[in-house]
Amino acid sequence: MVLATIQGTETDRPRVQGGQTAIPCWFMRGGTSRGPFFRSDDLPEDQASRDAVLLAALGSPDPRQIDGLGGAVPLTSKAGIVSVSDRDDADLEFRFAQLQPDSNIVDLTPNCGNMLAAVVPFALEAGLITARGDTTTARVLTLNTGLVAEITVPTPDGGAGRYVEYTGAACIDGVPGTAAPIAINFLDTAGSVCSSLLPTGNVRDRVDVAGIGAVEVTCIDNGQPLVIIAAAALGRTGYESTAALNEDQELKSRLEVLRLACGELMGLGDVTARNYPKMTLVSPPAQGGAINTRSFIPHVCHDSIGVLAAVTAATACVIEGTVAHGLAKVDSGTDIRVSVEHPAGEFSIELGLDPGNPQHVIKSALLRTARLIMAGDVFVPRRALHSSAITAAVPLEEKQ
Ligand code: NQM
C-alpha cells in the first residue's frame with residue numbers, strides 16, 4: 001500500500017512520488033505563530049528553489065492557502081529553517097521566512113520571536129542537537145538580522161537524547177490552555193533591522209503627510225521596527241476589538257500612508273513589500289498593565305502582539321519622551337517588568353537597563369510556549385525544487 005512505503009524508514013522512503021517530492025518537515029506552533037520547520041540541509045541550497053518549495057508547502061499565493069499548510073493569515077504563513085552553527089557565539093542558526101497568503105513574496109528580512117520559540121524543540125526533535133539535562137539551553141542566531149537569543153526548554157529525560165516536554169503549567173495569552181515554559185533571553189536587540197534603537201535619532205518625530213495631517217510618532221527598533229502612535233491621535237480609543245480594527249478601512253489606509261513615510265525616515269527605504277515597520281497604536285493600560293497596544297503587522301491587526309514587537313513596545317515605555325512613555329505606567333529602576341496589554345490579554349517582558357545609559361537595554365527576558373503538532377514529510381510538486389534551473393533556462397529560440 002502506498003501509505004506503508006511513505007511511512008517507511010529513511011532509506012526506503014520514496015523521495016519522489018506522483019510528480020511530487022517528499023521533504024522532512026516538523027509542523028510546530030511557536031508562541032502565537034505556527035508553521036513548518038525544516039532542516040536547512042533538507043531544502044535546496046539556491047534561494048529561488050528554496051522559496052518555491054516554501055510557497056508550495058504553505059500554499060501561497062492564494063488567500064485561502066487551500067493547496068498547502070498555511071492558515072490563511074500572516075501569523076500562520078511562516079516557516080523556519082534551522083542548522084547547526086559553527087560560530088563561537090551560537091549553537092543553532094535559524095532563518096525565518098515570512099510568507100503571505102495572497103502573495104508570492106518570501107521575506108527573509110524580519111525577525112519573529114514567536115517562531116523562534118520553537119527552534120530549540122525542533123532542533124531536538126530533528127536530531128540537530130541532543131538534550132543536556134533536565135533543561136537544555138541553546139544559543140540561537142537568527143540569520144535574518146544577526147539577533148542572538150539564549151533559549152531554555154524542558155528536557156526532563158535529558159540523558160536520553162531528544163525528549164522535549166511540551167506539557168506544563170505555563171500560559172501565554174493568545175494560545176488556549178497551558179504548556180511547558182520556554183524561556184527566551186535576548187542578548188542584544190537594539191537596531192535589529194534599523195541602524196539603531198531610535199533610527200531617526202529622535203525619541204519622537206512629527207510626521208506631516210499630505211491628506212493625513214501632522215501626527216506624533218516614535219520610531220523604534222529593539223528587535224522589531226515599530227512606529228508607535230497614540231490611538232487618540234488617529235481618533236481611536238485603542239481598545240477597539242481586532243475585528244473592528246480590521247474592518248476600519250479608513251484607519252488602515254492612513255496607517256499605510258504613515259508607514260511608508262516612516263519607513264523612509266527609519267532608513268528602511270520603500271517598505272511597500274515589507275511586513276515592517278509594524279504600526280502600533282498605544283493607549284493607557286486598562287487591565288493593570290503598563291501600556292495598552294494594537295499592533296498592525298502591518299496590514300492586519302495582530303490577535304495579540306509579536307514577541308519582539310512587545311519587547312520594542314516595552315522599551316518605548318521606559319524611554320523618556322517617547323509617545324508611549326507619556327501614556328505608560330512603569331516603575332523606575334534598571335530591572336523593570338513591563339506588562340504590555342494586547343487584544344488577547346498581556347505579555348510581560350523583563351527589561352534590564354544599563355545603569356549608565358537607560359536608553360541601552362542589556363537584557364530582555366520573556367516566556368513563551370511551543371508545541372510539535374506533526375512530524376513527517378511535506379509533499380511539494382517536483383518542479384518547485386528546480387525553480388532556479390527553470391528561471392535560468394536558456395529560451396529555446398536562443399539555443400537554436
Ligand atoms: O514581533 C508577527 C508574531 C509576529 C512576529 C508579526 C513576532 C515578533 O506574532 O517577534 O513574533 O509581527 O508579523 O509571530
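Things to note:
- DSSP loop GluC sites (Glu not before Pro) with at most 10 other Cβ within 10 Å excluded, longest remaining stretch of the chain: 46-319
- Rounded to the nearest 10 degrees, the inclination of helix 47-58 to the longest alpha-carbon principal axis of the chain is 90 degrees.
- Rounded to the nearest 0.05, the FRET efficiency derived from the C-beta distance between VAL84 and THR137 at R0 = 22 Å is 0.90.
- Rounded to whole Hz, the Karplus (6.51, -1.76, 1.60) HN-Hα couplings of segment 121-131, x for glycine and proline: x, 4, 4, 5, 4, 8, x, 7, 9, 10, 5
- Estimated 222 nm signal from helices in the chain, with DSSP H stretches of n ≥ 4 weighted -39500 (n - 2.57), rounded to 500: -5000 deg cm²/dmol
- Cβ-Cβ FRET estimate between ASN104 and ARG206, R0 fixed at 35 Å, reported to 0.05: 0.40
- Given a 1.4 Å probe and the protein chains as shown, ASP51 ends up with an accessible area of around 30 Å².
- Against the criterion of solvent-accessible heavy-atom surface with a 1.4 angstrom probe, SER241, SER85 sort, most first, into SER241, SER85.
- Residues whose amide H lies under 5 Å from that of MET28, counting only those 5 or more places away or on a different chain, are GLY35, PHE37, ILE373; hydrogens are built 1.01 Å from N in the peptide plane.
- GNM remark for the chain: springs join alpha carbons under 10 Å apart, and the peak mean-square fluctuation among ARG206, ARG383, ARG132 falls on ARG206.
- Counting only alpha carbon atoms, the long axis of helix 307-318 and the longest principal axis of the chain meet at about 20°.
- Counting only Cβ charges, +1 for Lys and Arg and -1 for Asp and Glu, the dipole size of segment 270-394 around its Cα centre is about 520 debye.
- Accessible area per residue, Å², the chain with all protein chains present, probe 1.4 Å: 41 Å²
- Karplus-derived HN-Hα couplings along segment 210-227 (A = 6.51, B = -1.76, C = 1.60, θ = phi - 60°), whole Hz, x at Gly and Pro: 3, x, 10, x, 7, 9, 7, 9, 10, 9, 8, 9, 10, x, 8, x, 10, 10
- Rounded to whole numbers, the Karplus 3J(HN,Hα) couplings from phi for segment 27-32 are 8, 10, 8, x, x, 9 Hz, using 6.51 cos²θ - 1.76 cosθ + 1.60 with θ = phi - 60°, and x at Gly and Pro.
- Dipole moment magnitude, nearest 20 debye, the chain about Cα centre, only Lys, Arg, Asp, Glu C-beta charged: 460 debye
- The GLU165 and THR272 beta-carbon pair, evaluated with R₀ = 56 Å, returns a calculated FRET efficiency of approximately 0.85.
The values are calculated or read from the model by the stated rules, or taken from the named source; none is laboratory data. Computed from a predicted model, the values in this text were never measured in an experiment. Glycine gets a Cβ as well: all are built from the backbone with ideal geometry, and neighbour counts include every protein chain shown. Ligands, DNA and RNA are stripped out before the accessible areas are found, and what is left, the full protein with its side chains, is counted by its heavy atoms. Shrake-Rupley method; radii C 1.70, N 1.55, O 1.52, S 1.80 Å.
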